[in-house]
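> The structure is given below, and queries will be raised subsequently.
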Amino acid sequence: MAWHTAILLVLLASSAAAQECDPNYDPCVPVASDVDCAGGSGNGPAYVAGPVRVIGTDIYGLDRDGDGIACE
């Protein structure tokens, strides 16, 4: 593996580890004061592209129809 590839892999791993994810969603939904579905009418400050599975409490109100899948 070339040294520049190794550095890139370390940077990517560090970036992924640094992002805090809310445990109520899968895949990762960031922990923020408010999260909205990307492309929707919400005003953020954070956005998530779906679909996202709700595996706990939908604290951000992303699953409008209550079917367990948010931002669809």
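> Working only within the range 32-63, note down all residues that are surrounded by 15 or more Cβ atoms within 10 Å (Cβ to Cβ) and of a type in the set (A, V, I, L, M).
Ala32, Val35, Ala46, Val48, Val52, Val54, Leu62
> Restricting attention to the range 42-72, which residues are assigned to a strand (DSSP E or B) and more than 15 Å from Val31 (Cα to Cα)?
Across the range 42-72, the qualifying residues are Arg53, Ile69, Ala70.
Readers should treat all values here as calculations from the given coordinates under stated rules, not as data from a laboratory. These figures come from a predicted structure and were not determined experimentally. Counting neighbours? That spans all protein chains shown, and the Cβs are built from the backbone with ideal geometry, glycine included.
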